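The values are calculated or read from the model by the stated rules, or taken from the named source; none is laboratory data. Since this is a predicted model, take the numbers as computed values, not measurements. Here the Cβ positions follow ideal geometry from the backbone for every residue, glycine too, while neighbour counts run over all protein chains shown.
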């Protein structure tokens with residue numbers, strides 16, 4: 001991405017709940033009427049993704065990215081596409097450790113989720 005003469009390089013990775021595949025929910029929604037598709041729904045708490053599972057997935061995805069070779073100065077953006085999460089306080093406390101495998105490989109690391117952006121120092 002270029003900003004005037006400044007060029008920033010970004011690498012993106014999406015983190016989903018373990019076992020989830022992008023788009024599966026949309027396939028299930030196709031059988032619903034348009035009115036039913038727009039209705040709010042509750043996810044039972046026993047189906048929430050535990051924070052420890054999210055952190056393990058973040059760590060694995062970040063480590064995989066760190067194991068590849070990117071140009072110096074590349075910024076890693078991690079998109080947490082996991083909702084709802086059981087143990088949000090645990091998730092917050094554990095994010096810095098979960099992204100640690102990539103610290104030496106990227107200029108900085110950003111984690112995006114639920115409209116929030118958190119930056120973690122890189123190399």
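Points to keep in mind about this one:
- Among the residues of the range 61-75, those that are exposed (fewer than 14 other Cβ atoms within 10 Å of the Cβ) and either free of Cβ contacts under 8 Å to residues at least 60 places away in the same chain or in a helix (DSSP H, G or I) (or both) comprise 64, 67, 68, 69, 72.
- Residues located in the range 105-123, provided they are at pLDDT below 90 and not in a strand (DSSP E or B): 114, 115, 122, 123
- Some residue of the range 76-92 being part of a helix (DSSP H, G or I) and in contact (Cβ under 8 Å) with a residue 40 or more places away in the chain: yes
- The residue that is modelled with the lowest pLDDT, counting only those in the range 1-52 that are more than 30 Å from residue 71 (Cα to Cα), outside any loop (DSSP other than H, G, I, E, B) and in contact with a strand residue (DSSP E or B) (Cβ under 8 Å, 6 or more places away or on another chain), is 45.
- Residue tally, condition closer than 21 Å to residue 19 by Cα and part of a loop (DSSP other than H, G, I, E, B), over the range 93-104: 0
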